[in-house]
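Asks: The structure that follows is given in the form of structure tokens.
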Amino acid sequence: MGAGRSTAESEERSDLPDEAQRRSRFLISASAALSESLDYERTLQRVAELSVPDMADWCTVTVVDELGEARRLAVVHADPAKRELAAEYKRKFPPTEHRNGEMANVLKGGAAALTVHVTDEDLVRAAQTDDHLRIMRGLGCTSCVMVPMVVRGEIMGVISLMRGEGREPYRKTDVETAGELAHRAALAIDNARLYREARRREGTMRFFAEASTLLSSSLDHVSICERLAHLVVPSFADWCGVELAEQGELRSIAIAHVDSGKVEAARQMRLRYPPDPASARGPHAVLRTGRPELISEVTEAMALRGARNEEHLGFIRDLGLRSLLIVPLMAGGRPIGVLNLVWAESKRRYGTEDLETMRELGRRAGLAVENARLYNEARAAVKLRDDFLSIASHELKTPLTSLRLKVDGILRIAAKPEKAPADLAKLTARVQGVDKQVGRLTELVDALLDVSRAAAGQLQLRLEDVDLVAAARSIAERFKDDLASAGCSLSVVVTGQVGRHEGTQAEIHGRWDRLRLDEVITNFLSNAIKYGAGKPIQIRLSATETAATLEIEDHGIGISPDDQQRLFERFARVVSPEHYGGFGLGLWIVKLLVEAMGGKVSVRSSVGAGSVFSAELPREGRA
Ligand code: ADP
């Protein structure tokens, strides 16, 4: 309603009696104020100001907010000398704590209340404390009218008008005027709220559109988490932390803060005071249950209870935690991490709407993170497979080439019609060569078979009584030629709780899978020869009552600490295939076999000085 129309209306009513004219003018100016802006908190203050002194000596406006709580928006007094007192009333007596009986009735019943004469006894009865009474007496109240603001059957608040000494008491016509004012005010509140809601929805939709673009624009899960943190700050949080579940732990991946200077403080607090994994609240609980957690207001008492010590409390105060929301990041229906949201400096508070919005964001972000992780895992697996295939084909090719040469030689000899005894000797040597290469090929193919069986979890053990010493000695015998051609000497040392039969050699018995044990020792020994740089090799065997230990030491090229970490992984080759052949599978299989028998493997090594590989096996092997 514009100013032009108000003038027109007041002119139209110039024939009305004074009192009615005054009321009409008041309603017109109040309506104009109410339609001026969609900030109803401000316009209701303005309406209260317009109500004095004509309609009232003083006036209060109480509104029920979106969370259903009554809030006092305005307390205005006509007398400038009493403004302080009015402000004190507003500050000290919020309607939630100091519920005036009459107002509670109006808020509940939705009907206007007129008290033509308010006596001092009435004030004494209504006052909840001496202070309350003092202020009410100071403000002055001898007549009062309270009208509800109702729209579509919903009570949105109450306007209270009070007159003091020397003023005419309220009459029924005043209730009508006040009712009309309240009705217009209620419409203004409703409009403003609907508008805010529409704006909020629009904002949420825009936010999700932006979120979807941002979250799908990377295939690296760490950068997705960083983008996510920066996306919610500052519109949905002053401070946000993204955490992902990794290897049974909740790891902080990204933190964003409106005040970039505080990112480090937030990080330090997370680092020094990590959330308790066993707690029934907090990020771990959200991760466990998939249920979000909302603490609308973090009180001082909560901060004191939650802080583990003075320093921790210092962090909490410094960061100014006010309101907290934790939502799960979901993928495939299960939580894979959490989004921690905090309102601090902006003094805002999380409500159920934020919870729903952030929960949806948690679903979208969780999916994006999981997709990126799966994509990268798949890519790594494909790369591993490609690398392995190229190594495997290279490895299989080497004995095949030499096999081809030997077979060609045999064919040439066989093509000669006259076979001299010398040819026969040559033939035998070639066939032996063929045999060796066939043996090598069989070994490689067996290794490949073991890999696929182990990957499918089908390693079957056949446990029997085996003498570790005898097994090691027979392998040493088998490797005699290889040791000789590599220029390595080999010694076998046996110590500890060993058995001895009739003064013969020491024995270490246990229940193991004979062929697998052979494979373990063979792998260690062939590596020691391959990487042993022609230096002496020692096999050390020892035993306690319950376990046997096998150690194979070389003095060759050695392995760096970093490489030692990943040696026992599948396809782990730390030297170039050009210099040393091999699938990079041997040690992985050794580890699987030893663990299948209930034992464990380890390595000690230093670059250039050599390595000691060991396997510890329980003597009562595990089936
Ligand atoms: P490979 O078939 O390639 O030898 P392994 O699994 O047996 O595969 O060994 C993995 C890698 O560990 C080897 O490629 C090599 O780089 C390193 N390695 C194994 N044993 C030794 C050793 N005794 N000295 C130095 N390096 C070794």
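The values are calculated or read from the model by the stated rules, or taken from the named source; none is laboratory data. These numbers come from a predicted model, not from an experiment. Cβ sites come from the backbone with ideal geometry, for glycine too, and all protein chains shown count toward neighbours. These area figures cover heavy atoms from the full protein model, side chains too; ligands, DNA and RNA do not enter into them. Shrake-Rupley method; radii C 1.70, N 1.55, O 1.52, S 1.80 Å.
Asks: Find out how many positive minus negative residues lie around Ser614, taking Lys and Arg as positive, Asp and Glu as negative, among other residues whose Cβ is under 11 Å from that of Ser614.
Replies: That sum, taken over residues with Cβ under 11 Å, equals 0.
Asks: Where does helix 40-51 land angle-wise versus the long Cα axis of the chain, in degrees 0 to 90, nearest 10?
Replies: With rounding to tens, the tilt is 10 degrees.
Asks: Also, quick follow-up: Give, in whole angstrom and from largest to smallest, the semi-axes √(5λ) of the equivalent ellipsoid of region 259-410, with λ running over the eigenvalues of the Cα gyration tensor.
Replies: Semi-axes from the Cα gyration tensor: 54, 19, 13 Å.
Asks: Under a point-charge model restricted to the Cβ atoms of Lys and Arg (+1) and Asp and Glu (-1), what is the dipole moment magnitude of region 255-336 relative to its Cα centre, in debye to the nearest 20?
Replies: Result for region 255-336 is approximately 340 debye, rounded to the nearest 20.
Asks: Specify the inter-centroid distance of region 367-414 and region 228-277, based on alpha-carbon positions, in whole Å.
Replies: Each part's Cα centre sits 44 Å from the other's.
Asks: Taking every alpha carbon pair in region 37-158, what does the distance histogram look like in 5 angstrom bins from 0, in percent?
Replies: 2, 11, 20, 26, 24, 12, 4, 1, 0
Asks: Just name one of Ala415, Gly166, Thr43: the one whose Cα is farthest towards the positive end of the charge dipole of the chain (beta-carbon charges, Lys/Arg +1, Asp/Glu -1).
Replies: Ala415
Asks: Just grab the label-to-label distance for Ala307 and Gln21, each label 7 Å out from Cα along the Cβ direction, in nm (one decimal).
Replies: Distance between the two pseudo-spin positions: 6.6 nm.
Asks: Rounded to the nearest 20 debye, what is the charge dipole size of the chain about its Cα centre when +1 sits on each Lys and Arg Cβ and -1 on each Asp and Glu Cβ?
Replies: 1760 debye
Asks: Okay, moving on. What accessible area per residue, rounded to a whole number of Å², is obtained for the chain using a probe radius of 1.4 Å?
Replies: 53 Å²
Asks: Plugging the Kirkwood radius over Cα pairs into Stokes-Einstein for region 413-490, at a temperature of 4 °C and a viscosity of 1.567 mPa s, what D comes out in µm²/s?
Replies: So the translational diffusion coefficient is about 78 µm²/s.
Asks: Once you treat every alpha carbon in the chain as an equal point and sum by Debye, what is log10 I(q)/I(0) at q = 0.05, 0.09 Å⁻¹?
Replies: Values, matching the q order: -0.50, -0.92.
Asks: Round to the nearest 10 and give me the degree value, 0 to 90, for the angle of helix 352-415's Cα axis relative to the longest principal axis of the chain.
Replies: So the helix axis and the longest Cα principal axis differ by about 10 degrees.
Asks: Got a sec? What order do Met205, Met330, Met162 fall in by accessible area at 1.4 Å, biggest, i.e. largest, first?
Replies: Accessible-area ranking of Met205, Met330, Met162, largest first: Met205, Met330, Met162.
Asks: Sorted by packing (mean other beta-carbon atoms within 10 Å per residue), highest first, where do 245-252, 538-545, 126-133 land?
Replies: 538-545, 126-133, 245-252
Asks: A follow-up question, please. Ranked by accessible surface with a 1.4 Å probe, highest first, in what order do Leu271, Leu400, Leu244 come?
Replies: Leu271, Leu400, Leu244
Asks: Let me know the charge dipole size of region 411-518 about its Cα centre in debye, to the nearest 20, where only the beta-carbon of Lys, Arg (+1) and Asp, Glu (-1) is charged.
Replies: The calculation lands at about 460 debye.
Asks: Roughly how many Å is it from the Cα centre of region 590-623 to that of region 502-531, as a whole number?
Replies: Their Cα centres are 12 Å away from one another.
Asks: Which log10 I(q)/I(0) values does region 199-258 give at q = 0.12 Å⁻¹ under the Debye formula, counting every alpha carbon as one identical point scatterer?
Replies: Those come out to -0.32, one per q.
Asks: Okay, moving on. For Cα pairs less than 8 Å apart in space and 6+ apart in sequence, what is the mean separation divided by the residue count of the chain, i.e. the relative contact order in percent?
Replies: Computed value for the chain: 7 percent relative contact order.
Asks: If you fit an axis through the alpha-carbon atoms of helix 130-139 and take the longest principal axis of the Cα set of the chain, what angle between them do you get, 0 to 90°, nearest 10?
Replies: Roughly 50 degrees, rounded to the nearest 10.
Asks: Please give the net charge around Leu339, taking every other residue with its beta carbon less than 13 angstrom from that of Leu339, where Lys and Arg add +1 and Asp and Glu add -1.
Replies: Local charge sum for Leu339: -1.
Asks: How much mean residue ellipticity at 222 nm does the chain get from its helices, if each DSSP H run of length 4 or more adds -39500 (n - 2.57) and you divide by all residues, to the nearest 500 deg cm²/dmol?
Replies: The per-residue figure over the chain is -17000 deg cm²/dmol.
Asks: Calculate, in whole percent, how much of the Cα-Cα pair population of region 98-206 lies beyond 25 Å.
Replies: Counting every Cα pair in region 98-206, those more than 25 Å apart make up 34 percent.
Asks: Could you tell me what % of all Cα pairs in region 361-472 have separations over 21 Å?
Replies: It works out to 66 percent of all Cα pairs.
Asks: Carbon and sulfur: what percent of region 396-460's accessible surface (1.4 Å probe)?
Replies: 62 percent
Asks: Continuing with this model, one more query. So for the chain, taking the charge dipole from beta-carbon charges (+1 Lys/Arg, -1 Asp/Glu), which of Ile135, Ala372, Val492 sits furthest toward the positive end?
Replies: Positive-most Cα among the choices belongs to Val492.
Asks: Now for a separate question. Just want the answer: with Cβ charges of +1 for Lys and Arg and -1 for Asp and Glu, which residue in Gly241, Leu187, His221 is farthest toward the dipole's positive end in region 150-304?
Replies: Highest projection toward the positive end goes to Leu187.
Asks: Using a Förster distance of 35 angstrom, determine the FRET efficiency expected from the C-beta separation of Arg281 and Glu595, and round it to 0.05.
Replies: After rounding to 0.05, the efficiency reads 0.35.
Asks: Roughly how many percent of the accessible protein surface of region 140-284 is carbon and sulfur, given a 1.4 Å probe and a whole-percent answer?
Replies: On region 140-284, the fraction of accessible area on carbon and sulfur atoms equals 54 percent.
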